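A.B. asks: The structure's right below; bear with me while I get my questions together.
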Amino acid sequence: MQPTLIIAAIPRELALLTAALEDTVHGTGMFAPTEGFIGPSRLVCCAAGIGKANAAAASAVLLEQYQPKRIIITGCGGAYPGSGLSVGDLAVASEELFGDEGVVTPQGWLDLKQMGLPLLKQGDRNWYGTVPLTLHETEKVLRLADSHGLRLTRGRFVTVSTCSGTKERGLELARRYQAICENMEGAAIALNALRYGLPCLEIRGISNLVEDRDLSRWEIDRAVEAAQRFVIKAIEELERK
């Protein structure tokens, strides 16, 4: 049975999911995933580490090892000004964008497409800094959220290496990419999913607003709990024939 691969950055972003698994097997190796079942669904869960480098490495290794049928990215994210999101809300990605890849020139910012540097070539198609995520499965989880009376906002996510610690920077990225939130791993995993031709779904809980950095206003535990509880529901829905 092909599994669903679930990737987050840190263990607490997967703690509820792994606690819900039955017939658990703890993997070995560099990224040591936890395998098990929720109902009839086989899952492979991995806390890959912070940042794009860890996310890219872990997802590549696990895609080769387990040959999953889909990838779900989860964890927390910071909501951009104007997104309408609040702490504790849920968001699902329509696209992932590499927010840092490009060049700053005297005339302004140039992205990879403007530089003529694709991240991935597939036949005649070049992929630059924008990576699409699965439309069909995203629409299914949006309907699921609606049926449970949950607010799930769909929009573009930005993956960064340097998080936005000021409201000004958040506004800059939100306007540049027409995005709703940022994270540090999603685009790297989504790019590998695209490379392997797999559907990729990204669901995050909002832990903080992108504003002048104030950790006292962050609620990471609340955000990751909300995300994981919804991911469990989503898995059941996605497996339904």
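Read the figures in this text as sums done on the coordinates, not as results from a lab. Bear in mind the structure is a predicted one, so any value in this text is a computation, not a measurement. Neighbour counts are summed over all protein chains in view; Cβ atoms, including those assigned to glycine, are modelled from backbone coordinates with ideal geometry.
A.B. asks: Which of the lysines could be linked to LYS233 by a straight reach, that is with a Cα gap under 18 Å, when you skip same-chain ones fewer than 8 residues away?
C.D. replies: LYS69, LYS140, LYS241
A.B. asks: Looking at the calculated P(r) for the range 88-182, what percent of the C-alpha pair distances fall above 19 Å? Intermediate values should be presented prior to the final figure.
C.D. replies: Details: 2286 of 4465 pairs.
Cα-Cα pairs of the range 88-182 separated by over 19 Å account for 51 percent.
A.B. asks: Given the chain, what percent of its DSSP beta bridges are antiparallel, to the nearest 5?
C.D. replies: Values: 23 of 53 bridges.
Antiparallel bridges make up about 45 percent of those DSSP assigns within the chain.
A.B. asks: Relative contact order for the range 4-239: what is it in percent, counting Cα pairs under 8 Å that are at least 6 residues apart?
C.D. replies: Rounded, it is 29 percent for the range 4-239.
A.B. asks: While we're on this one: Over the range 142-241, what relative contact order in percent results from Cα pairs under 8 Å that are six or more residues apart?
C.D. replies: On the way: 88 pairs, mean separation 24.6, N = 100.
With pairs under 8 Å counted, the relative contact order is 25 percent.
A.B. asks: What value does the range 9-82 have for Rg/Rh, both radii from Cα atoms and Rh as Kirkwood defines it? All intermediate terms of the calculation are to be shown ahead of the outcome.
C.D. replies: Values: Rg = 13.1 Å, Rh = 13.2 Å.
That ratio is 0.99, to two decimals.
A.B. asks: Here's another thing I want to ask about it. Please label the shape of the range 105-241 as rounded, prolate or oblate, based on the square roots a ≥ b ≥ c of the eigenvalues of the alpha-carbon gyration tensor (a/c under 1.5 means rounded; beyond that, a/b larger than b/c means prolate, else oblate).
C.D. replies: On the way: a/c = 2.41, a/b = 1.14, b/c = 2.11.
Taking the square roots of the gyration eigenvalues as a ≥ b ≥ c, the range 105-241 is oblate.
A.B. asks: For PHE37, PHE230, what's the fewest-to-most ordering of other Cβ within 10 Å of each Cβ?
C.D. replies: Values: PHE37 15, PHE230 22.
Going from sparsest to densest Cβ surroundings: PHE37, PHE230.
A.B. asks: Now for a different question. Among [x] 98, 43, 41; [y] 57, 44, 33; [z] 54, 35, 32, find the value of Cα extents along the principal axes in Å that was calculated from the structure presented, and write down its label.
C.D. replies: Calculated Cα extents along the principal axes in Å: the matching label is [y].
A.B. asks: About its Cα centre, what dipole magnitude does the chain give when the only charges are +1 on Lys and Arg Cβ and -1 on Asp and Glu Cβ, stated in debye to the nearest 20? Could you put the intermediate results ahead of the total?
C.D. replies: Working: 26 positive and 29 negative charges, 86 e Å.
The calculation lands at about 420 debye.
A.B. asks: Go through 217-223, 207-213, 21-27, 42-48 and give me the packing order, highest mean Cβ count within 10 Å leading. Could you put the intermediate results ahead of the total?
C.D. replies: Working: 217-223: 16.0, 207-213: 19.1, 21-27: 11.7, 42-48: 23.3.
The densest-packed peptide leads the list: 42-48, 207-213, 217-223, 21-27.
A.B. asks: Now, a different point. Among all the lysines, which ones have a C-alpha under 24 Å from LYS167's C-alpha, if same-chain residues fewer than 8 places away are not counted?
C.D. replies: Once the sequence-local lysines are set aside, what remains near LYS167 is LYS52.
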